[in-house]
Structure formats: C-alpha cells, structure tokens
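Computed from the coordinates by the stated procedures, all read-outs in this text should not be read as laboratory data. What you are looking at is a predicted structure, and each value in this text was computed from that prediction instead of being measured. Note that we place each Cβ from the backbone using ideal geometry, even for glycine, and neighbour counts take in every protein chain shown.
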Amino acid sequence: MPVRVQTADFDVSHEITVLRAGDARVGAVASFVGTVRDVNDAAAVSTLTLEHYPGMTEKALEAIVGEARARFDIYDALVVHRVGELAPTDQIVLVVVTGAHREPAFDACRFLMDYLKTRAPFWKKERTPDGTRWVEARASDDEAAARWQAAGAGDTAP
Amino acid sequence: MRDAPPDSLTRLNVVYLARLREAFGVATEALPMPEGGSTVAQVLAALRARGGTWATELAAGRAVRVAVNHAMATADTPVRAGDELALFPPVTGG
C-alpha cells in the first residue's frame with residue numbers, strides 16, 4: 001500500500017502503470033486527481049502552500065489505505081500528496097485503486113479522498129489579493145466522511 | 001556521580017503546526033513534565049494560562065486538534081516525558 005508525501009509533481013500515467021504492473025487479476029483501475037483552483041471562497045488564489053506533519057501524515061495515510069483495503073474488494077491503492085508551494089492548475093493529490101471490478105474500485109477511491117480530506121494532517125494556506133490566509137475546514141467534507149461511517153463496512157457508495 | 005538525564009527524558013516535546021505555529025510564533029518547545037506524567041487537558045490548561053494569544057487560540061470551543069506520538073488524542077490521553085504532543089487546526093488537505 002504505497003503512500004508518498006512529496007514536493008515534486010507526479011505523472012498519473014506512470015503511477016498507474018507501476019501500481020498495476022504484472023497484476024493480471026486487475027480489471028479495473030479508478031483514479032482521482034485533485035488540482036489547485038484559481039478561486040476559493042470568492043477570492044482569486046495565486047498560490048497555495050501545503051504543510052504537513054512529517055511522520056504523522058504518512059502514518060495517517062497508511063491507516064486510511066489500510067481501512068480502504070479492509071472495507072472494499074480491491075487489490076491495491078496508492079496515495080501521493082504534494083506539499084510546498086503550488087500554483088493554480090498544479091496537481092495536489094493522486095489516489096489510484098486497482099481491483100477486479102469497477103464498483104469497489106470507484107467506491108474505494110472516493111472513500112480514500114473523503115477520509116484523506118478529514119483525517120490526514122495537511123493544511124492549506126492561500127495567497128489572495130488581500131494577503132495570505134489559512135483555508136478553513138469545511139463542514140461538507142466532514143459530512144462526506146461521516147456518510148461512510150453510516151454506510152458500514154462493505155457497503156457501496158453513500 | 002551520575003549525569004543529569006538528557007532533556008528528552010524529562011520533558012514533553014510540543015509541536016505547533018499551521019495556523020497555530022504562526023499565531024504563537026514558535027514551532028516546537030520542550031515543556032518540563034511532572035514525574036508521574038500528565039494529560040492532554042493539563043498541558044492545554046498550562047499553555048492557556050500563559051494568556052494572550054495562547055488563551056484565545058486554545059480557548060474551550062476553539063477547534064484545536066491534538067496528537068500524541070503521531071496518533072490523534074483526546075483531553076484525557078496521558079502524556080509523559082519523552083512524548084511528542086502536537087497541536088493543530090482541523091486538517092484541510094486533498
């Protein structure tokens with residue numbers, strides 16, 4: 001269950017190729033890429049700086065991937081999250097899931113993103129025309145993660 | 001005669017992240033710990049007692065998350081010398 005936190009950009013095609021290399025059981029690969037928007041909360045964003053808590057962040061991501069593997073019928077999962085200063089259109093996060101069939105792959109991909117957004121120690125700071133500001137946590141992200149708790153193990157998307 | 005134990009064995013390492021690090025103007029500090037250990041709630045109370053930004057940022061009702069040794073913690077989680085306690089705002093990654 002590879003998990004990486006890095007400043008460097010990632011190549012989605014390369015990451016997918018490596019994750020499913022030689023695994024002929026795989027019939028479905030689901031992926032999600034998060035990118036930097038140029039607008040947030042009605043303000044223009046020129047840079048987005050991501051901070052993490054070295055040591056804990058990797059551990060938290062590994063725990064989330066472990067939970068996805070326990071809940072869904074999938075073969076493998078990858079999470080790559082960037083830190084440092086990013087600009088609009090830059091890639092921030094990649095989640096890739098392999099499985100035999102699309103449904104658990106899609107579900108696990110969404111579960112990983114929902115949990116990552118509420119449980120992995122990362123913080124965003126954005127630069128707007130009015131200066132820099134820390135991004136506030138969103139209640140909608142908590143609600144998205146909470147739906148999986150209500151859904152229970154092995155269920156499909158909430 | 002024995003040397004005094006190193007600081008890492010008598011103190012709690014406290015880490016401040018993101019907005020809290022900027023508000024306090026400090027990234028890490030080593031707090032002296034009572035021999036029998038303490039709890040997250042007691043550490044927070046001691047920091048609040050510094051007043052000013054410490055009192056406002058850590059006031060009851062503010063969304064402050066706590067981790068002890070890289071695991072999420074609650075008010076009654078025990079801490080002892082040599083542990084690492086981190087304080088941070090709700091996470092905003094992804």
(message) So if I take the centroid of the Cα atoms in the range B:7-81 and the same for the range A:1-31, what is the distance between those two points in Å?
(response) 38
(request) Would you list which lysines come within 22 Å of residue A:59, measuring only between C-alpha atoms, while excluding same-chain residues fewer than 8 positions from it? (result) A:117, A:124
(request) Take every DSSP beta bridge whose two residues both sit in the range A:3-138, then give the antiparallel share in percent to the nearest 5. (result) 90
(request) Return the long-range amide H neighbours of residue A:76 (sequence gap of 5 or more, or a different chain), with a cut-off of under 5 Å between placed amide H atoms. (result) A:98
(message) Charges at C-beta only: +1 for Lys and Arg, -1 for Asp and Glu. How large is the resulting dipole of the range B:7-88 about its Cα centre, in Debye rounded to 20?
(response) 260
(message) Kirkwood hydrodynamic radius, chain A, all distinct C-alpha pairs: what's the number in Å?
(response) 16.3
(message) As an exercise, take the mean of 1/r over every pair of distinct alpha carbons in the range B:7-88, invert it, and state the Kirkwood radius in angstroms.
(response) 12.6
(request) Run the numbers on chain B and let me know its relative contact order in percent, using alpha-carbon pairs under 8 Å that are six or more apart. (result) 39
(request) For residue A:85, list long-range residues whose amide hydrogen, built 1.01 Å from N in the peptide plane, is under 5 Å from its own amide hydrogen. (result) A:50
(request) Would you be so kind as to identify which of A:121, A:91, A:18 lies farthest towards the positive end of the dipole of the range A:3-138, taking Lys and Arg as +1 and Asp and Glu as -1 on Cβ and the Cα centre as origin? (result) A:121
(request) Under 1.5 on a/c is rounded, so check that first for the range A:98-137, then, if it is not, pick prolate when a/b is larger than b/c and oblate when it is not; a ≥ b ≥ c are the square roots of the alpha carbon gyration tensor eigenvalues. (result) prolate
(request) State log₁₀ I(q)/I(0) for the range A:47-118 at q = 0.12, 0.19 Å⁻¹ as given by the Debye formula over alpha-carbon point scatterers of equal weight, solvent excluded. (result) -0.35, -0.78
